[in-house]
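Notes to accompany the following structure.
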Amino acid sequence: MAHDAIEDPILLTDATRNVSVKEWKISSEEAGIAPDGAKWSVSKRVLAGGRQEGVEIIDVDNGVMKFTVAPTRGFQVWKANVGDLRLGWDSPVTEIVHPQFVNLAERGGLGWLNGFGEWVSRCGLESIGPPCQDGNRTHTLHGRINYLPASYVEVRIELAPVPRIVLRGVVDESLMFGPQLRLTTEISTEIGKPALSFDDTVTNLSDAPQEMESLYHANFGPPLLGPGAQFIAPVKKVAPRDSRAAEGQMKAWNVYTGPHPPGYTEEVYLMELHADDAGMTDALLKSADGTKGALVSFNIRELPFMTLWKNEATAKSGYVTGLEPATSFPLPKPVERDAGRVPKLNGGESYSSKVKFSALISGAEVENAIASIGRLQRTAPKVEISPVL
């Protein structure tokens with residue numbers, strides 16, 4: 001394949017033209033391009049059996065990192081790994097559940113949990129918090145975008161300025177007498193690098209102002225999560241969400257001690273972070289022995305709020321933690337609106353955000369990340385003890 005041809009977009013799905021390519025693959029061997037000897041591949045396939053029947057996924061191997069994107073499920077990333085370092089967790093939900101088997105209104109608006117097992121999902125776009133009543137609207141848990149299929153999907157293999165693989169998708173969250181919002185997303189990874197990036201734009205498709213919220217729900221279990229693991233970030237201020245999170249008087253809110261026996265309930269902490277002069281900041285999950293980690297990098301001008309979710313339940317009950325940068329906190333939408341934390345887009349206006357997820361696979365990389373975060377920590381964290389709710 002000629003070098004100039006490989007950079008042309010490869011169309012896999014286009015609802016406007018009734019196009020859907022079910023099985024497809026490209027590799028470094030086929031393309032004749034292997035930067036620095038890195039062997040890479042991208043393939044699309046359709047899952048069968050159980051509640052995953054009909055789910056379309058794209059598997060990416062950049063030569064160092066492998067990950068799976070699910071266009072059928074809001075263009076989320078189901079799983080990833082770099083060697084023996086897994087980025088993800090062990091959910092009771094083991095299949096990539098097709099949206100047709102999920103009723104978001106089930107269990108009082110908690111139906112979102114019926115398919116919750118992914119590494120990184122988006123919450124939004126109309127709402128990101130718990131089920132709640134908002135005027136004449138009823139919001140279900142974490143919104144709808146995670147269970148809406150992409151109407152457009154393409155793949156690009158770019159050679160310059162750096163060799164990278166780019167997956168582009170369009171997901172519409174629109175209904176009559178409701179939100180008309182479009183997510184245009186690019187998930188990209190440099191060939192031979194242990195990282196991937198989300199580059200997202202939410203557009204108001206209507207001609208009237210609309211609110212939007214967006215949260216990146218990045219979930220981690222073992223081997224990163226375990227007794228002694230630690231969340232490290234340049235915290236400006238932090239507060240417990242509720243009385244449960246406040247029980248320890250915030251003395252070790254960022255340290256992990258589980259898994260715990262049955263009866264444990266989740267802990268959630270809400271924070272704002274320091275950043276550099278350009279607004280860039282990092283949040284780190286460090287393994288107990290300090291030899292591995294996961295780094296989440298983003299801009300606080302786009303995603304000003306950070307949530308830490310600790311669910312240190314038993315292994316088979318969903319032992320997991322979530323690092324969650326967002327436009328708002330995942331609280332009831334009326335609470336966020338009253339606090340002035342809900343963005344509003346004029347007709348045709350867009351809101352963009354970028355998040356990078358990096359795997360750290362050595363003690364030196366972890367120490368460098370900690371040092372970088374330390375340089376951002378301009379003042380001591382302001383730690384609130386009283387619950388927000």
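Here are the numbers for this structure:
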{"quantity": "Estimated FRET transfer efficiency (R137, A15; beta-carbon r; R0 25 Å; 0.05)", "calculated": "0.40"}
{"quantity": "Contour excess over end-to-end distance, with Cα ends at K25 and A288 and 0.36 nm allotted per residue", "calculated": "90.8 nm"}
{"quantity": "Over the stretch 3-383, relative contact order from alpha-carbon pairs under 8 Å, at least 6 apart, %", "calculated": "16 percent"}
{"quantity": "Value at 222 nm in deg cm²/dmol, rounded to 500, when DSSP H runs of n ≥ 4 in the chain each add -39,500 (n - 2.57)", "calculated": "-2000 deg cm²/dmol"}
{"quantity": "Dimensionless Rg over Rh [the stretch 7-84; C-alpha; Kirkwood]", "calculated": "1.00"}
{"quantity": "Measure of compaction for the stretch 3-383 (Cα Rg per 2.2 N^0.38 Å)", "calculated": "0.96"}
{"quantity": "Highest-fluctuation residue, P223, P262, P99 considered, GNM on the chain with Cα pairs under 10 Å", "calculated": "P262"}
{"quantity": "Extended-chain gain in nm, criterion 0.36 nm per residue less alpha-carbon gap, E384 and S350", "calculated": "8.8 nm"}
{"quantity": "Sites A252 and R337 - FRET efficiency at Förster radius 30 Å, r taken between beta-carbons, to 0.05", "calculated": "0.35"}
{"quantity": "The stretch 163-179 - phi-based ³J(HN,Hα) in whole Hz, Karplus 6.51/-1.76/1.60, Gly and Pro as x", "calculated": "x, 8, 9, 10, 10, 10, x, 10, 10, 9, 10, 9, 7, 5, 6, x, x"}
{"quantity": "In order through the stretch 354-369: 3J(HN,Hα) via Karplus (6.51 cos²θ - 1.76 cosθ + 1.60), integer Hz, x for Gly, Pro", "calculated": "10, 9, 10, 10, 10, 8, 9, 10, 8, x, 5, 5, 5, 5, 5, 5"}
{"quantity": "Förster radius 35 Å - calculated FRET efficiency between S243 and S372, Cβ distance, rounded to 0.05", "calculated": "0.50"}
{"quantity": "Inter-site label distance for V46 and S174 at 7 Å from Cα along Cβ, in nm", "calculated": "2.6 nm"}
{"quantity": "Candidates K356, K193, K316: whichever shows maximal mean-square fluctuation once the chain is modelled as a Gaussian network with Cα springs under 10 Å", "calculated": "K316"}
{"quantity": "HN-Hα J in Hz across the stretch 21-27 - Karplus 6.51, -1.76, 1.60, θ = phi - 60°, x for Gly and Pro", "calculated": "8, 8, 10, 6, 7, 9, 9"}
{"quantity": "Per principal axis, descending, Cα span of the stretch 217-374 in whole Å", "calculated": "48, 37, 27"}
{"quantity": "Scattering profile of the stretch 18-138 at q = 0.11, 0.17, 0.23 Å⁻¹ [log10 I(q)/I(0), Debye over alpha-carbon scatterers]", "calculated": "-0.48, -0.96, -1.37"}
{"quantity": "Convex hull per residue volume in Å³, alpha carbons only, for the stretch 132-224", "calculated": "142 Å³"}
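Taken together, the values in this text are just the output of simple stated rules run on the coordinates, not laboratory data. It should be emphasised that the depicted structure is a prediction, and the values quoted were computed from it without experimental measurement. For neighbour counting, all protein chains shown are included, and Cβ atoms are generated from backbone atoms with ideal geometry for every residue, glycine included.
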